[in-house]
Amino acid sequence: MNETRATADISPIETYKKVLLSVIENRPSGTRQRLAEALGKNRSFVSQIVNASYPTPIPAQHLETIFAICHFAPPEREAFLAAYREAHPGKLETMRAPRQTRRIVVELPDLGHPAMNRRVDEIIHALARSIADLAASSSEIDPDNREGDG
């Protein structure tokens, strides 16, 4: 009886966070770090969005990145999205289709110092986020003007 009641008291936010936590726990080590980097956030942000005891909702604009990095199986994605829709009615329907992305690999010299290497990595990630933000803002201004001619 207590278990049934406890299950009924779980909020939709807790439900989708538990799905995400289950997915991440079944992925290779380093998934949280890759997710944090892809989102442009700290690992502590990832810890908050997977911890059901934190009421912090997952921003809808991060969902496609989360799905891509964590490799949700179709049933996991369906369970997550059902709970997300229940927690945030209408939020998914107002989202635009995600912009296509591409991956590039940049080879850099090892600077011989972990802190300096980490700082260079941060600069490259920040540059990539800035380019993505610029692309998003320019398409909102005039999505048909891809060449900037007018």
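The values are calculated or read from the model by the stated rules, or taken from the named source; none is laboratory data. Worth saying up front: this structure is predicted, and the values here are computed from it rather than measured. Backbone-built Cβ (ideal geometry, glycine too); neighbour counts: all protein chains shown. Ligands, DNA and RNA are excluded from the accessible area calculation, which covers all protein heavy atoms including side chains. Shrake-Rupley method; radii C 1.70, N 1.55, O 1.52, S 1.80 Å.
Answer yes or no: is there a residue in the stretch 11-30 that is of a type in the set (Val, Ile, Thr), in a helix (DSSP H, G or I), over 16 Å from the mean Cα position of the chain (by Cα) and buried (at least 16 other Cβ atoms within 10 Å of the Cβ).
Yes, some residue in the stretch 11-30 is of a type in the set (Val, Ile, Thr), in a helix (DSSP H, G or I), over 16 Å from the mean Cα position of the chain (by Cα) and buried (at least 16 other Cβ atoms within 10 Å of the Cβ).
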Does Ser44 qualify as being at pLDDT 90 or above and of a type outside the set (Val, Ile, Thr)? yes
Output the residues belonging to the stretch 31-43 that are in a loop (DSSP other than H, G, I, E, B), in contact with a Lys or Arg (Cβ under 8 Å, 6 or more places away or on another chain) and open to solvent by 60 Å² or more (accessible area, probe 1.4 Å). none
Considering only residues that are within 18 Å of Ser29 (Cβ to Cβ) and open to solvent by 60 Å² or more (accessible area, probe 1.4 Å), which ones fall in the stretch 44-67? Ser44
Among the residues of the stretch 112-133, is any modelled with pLDDT under 75 and either more than 18 Å from Val19 (Cβ to Cβ) or touching a Leu at 6+ places or on another chain (Cβ under 8 Å) (or both)? yes
Consider Glu93 carefully, then state whether it is closer than 17 Å to Leu20 by Cβ, of a type in the set (Asp, Glu) and more than 12 Å from the chain's Cα centre (by Cα). no
